[in-house]
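Shown next, in structure tokens, is the structure this report addresses.
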Amino acid sequence: PDLPLFNRPLMGSYPPGSAIKPIIASAALEEKNINENTTVLSTGGIRIGKWFFPDWKAGGHGYCNVKKALAESINTFFYAIGGGYQNIQGLGVDKINYYASLFGLNQTLGIDLPGEATGFLATASWKEKIKGEKWYIGDTYHLAIGQGDISVTPLQVASYTAVFANQGTLYQPYLVKNITDPNGEIIKKNNPAIIRQNFISKENLRIVAEGMRQTITSGSAR
């Protein structure tokens with residue numbers, strides 16, 4: 001019943017939740033919608049008409065910049081930079097999907113194992129066609145915190161997280177280092193292959209990586 005032979009890291013597609021937030025932060029920084037010091041006031045969530053989009057912390061987190069927003073996983077900040085709020089221009093679904101694709105989502109990474117899934121990124125046209133509804137700002141808010149119509153593989157999350165650790169390179173993951181013949185001679189050697197690099201500025205990668213580090217030193221994962 002637990003599907004022990006189903007390779008979840010490669011074949012399973014799941015909502016990323018807050019693991020998407022480094023990508024959203026990078027996109028907003030790259031688009032210059034925010035900078036390192038842009039602040040948003042988190043009071044517990046955002047109300048749009050009759051809909052309420054909550055923070056996980058009752059009463060909110062107070063004023064936050066992008067590093068604090070990453071460290072404490074502050075939904076309000078990501079609602080704002082994803083869909084827009086007050087004086088913050090939102091990325092919108094198309095820009096979010098564009099940057100998510102740069103980080104390797106909605107595609108296979110080409111690992112040397114069978115059955116790798118692509119995950120899924122929804123578009124406004126997909127929602128209209130499949131669900132018969134237009135795309136609402138609430139859909140973008142949900143997307144910006146890794147919920148709603150988005151799924152990723154654990155391998156994709158590991159791969160794009162490594163981009164922040166190595167400061168800018170998305171590698172093709174691989175399992176087999178080399179293949180030898182019966183005499184021990186190498187007949188095939190796999191070297192790290194680059195899928196994409198330098199698609200986010202070093203400065204913006206630094207900002208996001210510092211926020212991720214603060215998750216451990218002072219934030220929600222300490």
Selection within region 176-219 - in a loop (DSSP other than H, G, I, E, B), open to solvent by less than 70 Å² (accessible area, probe 1.4 Å) and polar (S, T, N, Q)
Asn190, Ser201, Ser218
Quick check on this structure: which one of Ala100, Ala162, Ala158, Ala117 is within 18 Å of the chain's Cα centre (by Cα) and open to solvent by less than 10 Å² (accessible area, probe 1.4 Å)?
Ala100
Go through region 103-114 and report how many residues are on the phi > 0 side of the Ramachandran plot, open to solvent by 30 Å² or more (accessible area, probe 1.4 Å) and in contact with a helix residue (DSSP H, G or I) (Cβ under 8 Å, 6 or more places away or on another chain).
1
Can you spot a residue in region 117-129 that is in contact (Cβ under 8 Å) with a residue 24 or more places away in the chain, under 24 Å from Gly12 (Cα atoms) and in a strand (DSSP E or B)?
yes
Return yes or no: is Ser151 under 20 Å from Glu36 (Cβ atoms), polar (S, T, N, Q), outside any helix (DSSP H, G or I) and in contact (Cβ under 8 Å) with a residue 12 or more places away in the chain?
no
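The values are calculated or read from the model by the stated rules, or taken from the named source; none is laboratory data. Computed from a prediction, not measured in an experiment: that's the story for all the values here. In this analysis, Cβ positions are derived from the backbone assuming ideal geometry, glycine residues included, and neighbour counts consider all displayed protein chains. Remember, those area values only see protein heavy atoms, side chains included, never the ligands or the DNA or RNA. Shrake-Rupley method; radii C 1.70, N 1.55, O 1.52, S 1.80 Å.
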